[in-house]
Structure formats: C-alpha cells, structure tokens
1. Which one of H50, H82 is in a strand (DSSP E or B), at pLDDT below 90 and buried (at least 19 other Cβ atoms within 10 Å of the Cβ)?
2. Confirm whether A56 is among the small types (G, A, S), part of a loop (DSSP other than H, G, I, E, B) and at pLDDT below 95.
3. Being surrounded by 13 or more Cβ atoms within 10 Å (Cβ to Cβ) and either small (G, A, S) or more than 21 Å from the chain's Cα centre (by Cα) (or both) is the filter here; which residues of the stretch 119-135 pass it?
4. Here is a check on your reading of the model: is A95 free of Cβ contacts under 8 Å to residues at least 60 places away in the same chain, small (G, A, S) and part of a strand (DSSP E or B)?
5. Quick check: anything in the stretch 192-215 modelled with pLDDT of 90 or more, within 27 Å of Y91 (Cα to Cα) and either outside the structural domain of R92 (by TED's automatic domain parsing) or not in a helix (DSSP H, G or I) (or both)?
6. Among the residues of the stretch 158-191, which ones are surrounded by 15 or more Cβ atoms within 10 Å (Cβ to Cβ), part of a loop (DSSP other than H, G, I, E, B) and modelled with pLDDT under 95?
7. Given A23, A4, which one is within 15 Å of R107 (Cα to Cα), assigned to a loop (DSSP other than H, G, I, E, B) and at pLDDT 70 or above?
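The values are calculated or read from the model by the stated rules, or taken from the named source; none is laboratory data. These figures come from a predicted structure and were not determined experimentally. For neighbour counting, all protein chains shown are included, and Cβ atoms are generated from backbone atoms with ideal geometry for every residue, glycine included.
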Amino acid sequence: MAIAEIDLDAEQTLPAPGGHTIAVTPRFEYLVPDNSSPSASWVERGTRMHITGRAASLVTATRESAQTDRAKLHPRTGGDRHHVDYIAGAYRPVAVYGVVDGQRAYRVLADTIRAQMVYDRLIQERRDRAATVLREARATYDGLDKAAQFQYGRTQLMLAAERVALWGHVPEVDIMQHAGLTEEDMRRIRKGIADRDFDAELHYERRPSLGTPLYLDIAAVAERLGVEPATVRAYKARGILPDPGRDPFTTNNRPAWEWDVIEARISERRGQDWAAGTTADETGRRGAGEAS
C-alpha cells in the first residue's frame with residue numbers, strides 16, 4: 001500500500017495495511033529531553049504521525065525506553081524523534097514526531113503494522129496447532145480404561161503437553177485447557193524441562209527464545225515486506241534472501257524462512273532501497289521483472 005501524497009499541514013487519517021490507519025496531526029507539541037540534564041526538557045512543535053489506537057500510550061511513553069532502544073532502530077524515520085513499542089518480538093516505531101518526510105514516516109509505521117499482523121497470525125497458527133495436538137492427546141487418554149490411564153496414559157498425556165510447551169509461543173493456560181491439566185501438572189512440566197535444560201528454568205517465561213522458531217512461507221514473507229510473492233521469489237533468485245529452510249509444523253515440510261532470518265535481512269538492508277521502510281515495492285517489482 002502506498003500513499004501518493006501526504007499533506008503534513010492538514011490533520012488527516014491515512015489508510016494502512018490490514019485496515020489499520022495512520023493519523024497525521026500538524027502542530028503537535030512534544031517534549032524533547034535535554035541530554036545534558038536528565039530532568040530537563042523543552043517543548044517542540046511539529047507534525048506527528050502515529051499508528052491509530054496507540055496515541056494514549058505514546059504521549060506517556062517513557063523516554064528512557066525510547067532512547068535506550070533507539071540504537072536498535074534505523075534512525076531515518078522521516079522525523080525528528082520517534083517513540084517505540086515492543087511489537088512482534090522487537091522494539092518498533094509507533095509514532096514519528098517533527099515529521100519532514102511524510103512518505104518515509106508512513107512506510108516506517110506501515111512496516112510496524114505489517115510486522116504485528118504477520119507475527120500475530122503466526123502465533124495464532126501455532127496456538128491452533130497446539131490445540132489440535134493436545135485435544136487429540138486428551139481424547140486418547142480419555143478413551144483408555146482406568147488401569148491403562150494409570151499405567152501409561154497419564155505419562156503420555158504429560159509428554160504431549162511438555163512437547164507443546166517446548167514449541168514456544170503457546171500460553172500455559174492454553175495447554176491446561178486443551179489437555180485438561182492442572183496448575184500442578186504445569187509445574188511438573190516446567191520442572192521436567194528444567195531438569196534437562198538448566199537455562200530453560202531461568203528463561204521459561206521467555207519461551208519464544210527457546211522454542212521452535214516461527215516460520216514464514218513465501219506468501220507470509222511477501223505480506224511482511226509489503227510486496228508480491230513474485231518479488232520474494234526474485235529476491236531469493238538474486239541472493240537477497242537465503243535459501244529457505246523447512247517448516248517442521250507442516251505435513252509437507254514446506255519451504256519457509258525463520259522469522260528472525262527475515263527480520264535480520266530487513267534490518268541489514270534498510271537504507272539500501274530494499275526492505276520495508278524504504279522502497280521495497282518499487283525495487284521488488286524491478287527485481288521481479290528482471291527475473292521473469
């Protein structure tokens with residue numbers, strides 16, 4: 001999605017990916033901290049562009065967080081300052097202040113929206129698969145007689161739940177609900193994981209860093225970058241993207257890239273006329289044309 005022209009002097013709401021919107025507010029007052037004095041700041045006025053629905057948290061967001069993580073973000077956001085929020089596994093811009101380049105600010109914010117949309121869908125797909133696996137395991141357990149449940153059925157059910165816990169991105173409440181387990185059962189599962197991996201106990205609540213990665217097929221990568229699937233194939237053919245791995249959660253073991261691989265490529269190539277936040281669409285179309 002591209003916006004032909006953005007009038008930074010007019011208050012307006014711009015369409016964004018997935019039915020979201022980006023608001024433009026001219027003459028918006030915002031605080032700029034004085035780096036020489038932690039408690040000092042001054043007020044500046046300029047156009048703000050922000051993802052609609054996050055305005056309340058943006059104004060009160062801690063500047064320490066934005067400053068600390070600013071180094072992780074590409075500074076060319078099209079404005080004087082920006083606020084970040086932890087979205088889709090990383091700190092991403094959700095508002096740009098003192099905007100001078102509306103197109104760039106729009107692309108940066110649209111990239112945040114795309115990241116959240118794709119990430120949330122991948123998480124939901126993982127949770128849906130977990131529900132299917134755990135319900136089947138529970139149905140198998142319930143179909144056993146009492147003696148079999150005691151001899152081996154309970155152990156098999158707990159092992160199925162433990163495997164799902166190790167996938168990552170599946171809340172404990174989901175596991176308990178679909179497998180019919182108790183909080184005490186989950187405590188035993190956590191202990192079983194920790195007994196085999198000491199670090200797992202320390203970082204259990206940050207399970208995504210330990211579990212099976214999220215995988216993106218060509219269509220998901222295209223949505224993440226805001227390009228057509230043919231463009232992703234062209235990127236792969238030209239070596240801009242590495243060869244895909246295989247998604248272990250699909251029956252056909254489909255080719256797919258890990259989420260972190262795609263995010264790393266986006267970060268590496270920002271400012272090189274490739275990747276969301278710069279000119280992915282146009283560069284991608286040229287690349288697709290060269291490969292066709």
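1. H82
2. It is false that A56 is among the small types (G, A, S), part of a loop (DSSP other than H, G, I, E, B) and at pLDDT below 95.
3. A130, A131, V133, L134, R135
4. When the stated conditions are applied, A95 passes them.
5. yes
6. G168, H169, V170 - these are the residues of the stretch 158-191 that are surrounded by 15 or more Cβ atoms within 10 Å (Cβ to Cβ), part of a loop (DSSP other than H, G, I, E, B) and modelled with pLDDT under 95.
7. Being within 15 Å of R107 (Cα to Cα), assigned to a loop (DSSP other than H, G, I, E, B) and at pLDDT 70 or above holds for just one of A23, A4, which is A4.
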